[in-house]
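Below is one structure, written out as structure tokens; the observations come after it.
The values are calculated or read from the model by the stated rules, or taken from the named source; none is laboratory data. Note that the structure is predicted; figures quoted are calculated from it, not measured. Cβ: placed from backbone, ideal geometry, glycine included. Neighbour counts: every protein chain shown. These accessible areas exclude ligands, DNA and RNA; they are computed on the full protein's heavy atoms, side chains included. Shrake-Rupley method; radii C 1.70, N 1.55, O 1.52, S 1.80 Å.
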Amino acid sequence: MTSGTETGGVTGTQDKGLFRKAQADSRKGAEMGKALLASDWAAAERQPSGS
């Protein structure tokens, strides 16, 4: 590649691939976040705070 930034203006494949990867990573992160939150809530319910 001669250009520093690939806009996908010629073929469009570079951006599509990046977008697909970003979407997959985002989805994976969201699933992990939901699982973490769920486990945190379950732990908090089992151990009531001292208030």
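What net charge is computed for the residues neighbouring Lys21, neighbours being all others with C-beta under 12 Å from the C-beta of Lys21, Lys and Arg scored +1, Asp and Glu -1?
So the surrounding residues net to +2.
Would you tell me the accessible area of Glu31, worked out with a 1.4 angstrom probe on the heavy atoms of the protein chains, in Å² to the nearest 10?
100 Å²
Just read off the accessible area of Lys34 with the full protein assembly in place, 1.4 Å probe, to the nearest 10 Å².
120 Å²
If Asp15, Asp40 are ordered by their accessible area, calculated over protein heavy atoms with a 1.4 Å probe, which sequence runs from highest to lowest?
Solvent-accessible surface, decreasing: Asp40, Asp15.
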